[in-house]
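Readers should treat all values here as calculations from the given coordinates under stated rules, not as data from a laboratory. Treat the numbers as computed from the prediction; the structure is a model and nothing was measured. FYI the Cβ positions are ideal-geometry reconstructions off the backbone, even for glycines, and counts take in every protein chain you see.
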Amino acid sequence: FVDELYSEWVLEDLIEDLNPLKRIKIVTKNHRGEEEARWLAFRFQRVTEGKLVARVLVNVRDITQEVELEERIKADQERND
């Protein structure tokens with residue numbers, strides 16, 4: 001994936017589709033030592049100089065609340081069915 005990020009032939013839309021870190025779950029310990037699951041979304045944006053990709057910017061968002069809401073909605077729908 002990193003090679004594709006720096007390839008001038010790969011379109012931005014394809015980078016988004018290939019992204020293996022669109023939505024990942026990580027488990028960490030909170031301040032009380034309890035395990036806590038968090039969901040993160042990574043987005044990559046290339047910075048070009050001429051036709052060459054000079055660097056890649058990475059945006060990381062915590063999407064835990066979104067994922068938990070989606071799971072609640074899905075569970076409610078399954079229960080209603």
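For region 49-62, residues that are of a type in the set (A, V, I, L, M, F, W, C) and under 19 Å from the mean Cα position of the chain (by Cα) total 4.
The condition of being within 25 Å of Asp3 (Cβ to Cβ), within 9 Å of the chain's Cα centre (by Cα) and touching a residue at least 24 places away in the same chain (Cβ under 8 Å) holds for only one of Arg46, Arg23, that being Arg23. Scanning region 1-20 for residues that are more than 17 Å from the chain's Cα centre (by Cα) and either closer than 16 Å to Asp62 by Cβ or touching a residue at least 12 places away in the same chain (Cβ under 8 Å) (or both) returns Tyr6, Ser7, Glu8.
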